[in-house]
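The values are calculated or read from the model by the stated rules, or taken from the named source; none is laboratory data. Given the structure is predicted, the values throughout are model-derived calculations rather than measurements. Note that we place each Cβ from the backbone using ideal geometry, even for glycine, and neighbour counts take in every protein chain shown. The accessibility values were calculated without ligands, DNA or RNA, using every heavy atom of the protein model including side chains. Shrake-Rupley method; radii C 1.70, N 1.55, O 1.52, S 1.80 Å.
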Amino acid sequence: MEIEEGQAQVIQKFVNKASTLETTSSLANLIVEATSHPSLFAFSEILSLPNILQLQGTEDSAYIDLLRLFGYGTWRDYKGNSAMLPKLSQDQILKLKQLTVLTLSETNKVLSYNKLQEELEVSNVRELEDFLINDCMIRCNLQQRGISCMGSLGV
């Protein structure tokens, strides 16, 4: 409950801020800020704002695509379309990889290390385990053959 309230407050902060912005460059900057924010993991409300949608077809339209990626995509989606999207900061890379684990855990009860290493482009098991333990705040049962994820990002 506390997590959801905190998430709702962060979302509302960005919705309020986005609603007051008018220039495409300021909206693009807000999208970078939102996708970099360590406690924001839901983007559909921001995506639905009329002034955010007005970025489509402008010189800053890649930023609405970036926001959609964080709302519905994965690290693999970014890698496949990186030439058409803004370059990600380290904070954005981390968040997108966290969201990728969340997406995968919603569709697969057990995630193999091989699958996660492939999806996240992680070179070895130690690096993967460090990422899951230190950077992903999900309840997982680490096992030698795979990972059984029991929850979602706990931000």
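Probe radius 1.4 Å, ligands and nucleic acids ignored: give me the carbon and sulfur share of the accessible area of region 46-138 as a rounded percent.
Answer for region 46-138 is 49 percent, counting heavy atoms of protein chains only.
Mean shadow of region 1-92, computed from the convex hull of its alpha carbons, in nm²?
5.8
So, with +1 on the Cβ of K and R and -1 on the Cβ of D and E, and no other charges, what is the size of the charge dipole of the chain about its Cα centre, to the nearest 20 debye?
340
Need the list of aspartates and glutamates near K109 for cross-linking: C-alpha distance under 14 angstrom, and skip anything on the same chain fewer than eight residues off.
Cross-link targets: none qualify.
With just the Cα atoms of the chain, tell me how far they stretch along each of the three principal axes, in Å, largest first.
Principal extents (largest minus smallest coordinate, Cα): 51, 38, 23 Å.
Could you compute the longest span of the chain free of GluC sites (Glu not before Pro) located in DSSP loops and having at most 16 other Cβ atoms within 10 Å, not counting the site residues?
My reading of the result: 60-120 is the longest stretch.
Can you give me the accessible area per residue for the chain, using a 1.4 Å probe, in Å²?
Result: 56 Å² of accessible area for each residue.
Run the reach check for K17 against lysines, Cα to Cα strictly under 24 Å, same-chain hits fewer than 8 apart removed. What comes back?
Straight-line reach from K17, under 24 Å: K87, K95.
Only Lys, Arg, Asp and Glu count, each charged at its Cβ (+1, +1, -1, -1), so figure out the dipole size of region 1-57 about its Cα centre, rounded to 20 debye.
Using only the charged Cβ atoms, the result is roughly 200 debye.
Would you rank D91, D130, D60 by solvent-accessible area, highest first, keeping every protein chain in place and using a 1.4 Å probe?
My answer, sorted largest first, is D91, D130, D60.
For K13, give me every one of the aspartates and glutamates with a C-alpha distance below 12 angstrom, ignoring sequence neighbours fewer than eight places off in its own chain.
Excluding near neighbours in sequence, the set is E33, E45.
Using Cα atoms only, what is the angle between the long axis of helix 125-134 and the major principal axis of the chain, expressed in degrees (0 to 90) to the nearest 10?
So the helix axis and the longest Cα principal axis differ by about 60 degrees.
Among Q9, L21, S44, pick out the residue whose Cα is farthest towards the positive end of the charge dipole of the chain, where Lys and Arg carry +1 and Asp and Glu carry -1 on C-beta, about the Cα centre.
Of the options given, the answer is S44.
Given a Förster distance of 35 Å, report the FRET efficiency between D130 and S48 from their Cβ-Cβ distance, rounded to the nearest 0.05.
With a Förster radius of 35 Å, E is 0.45.
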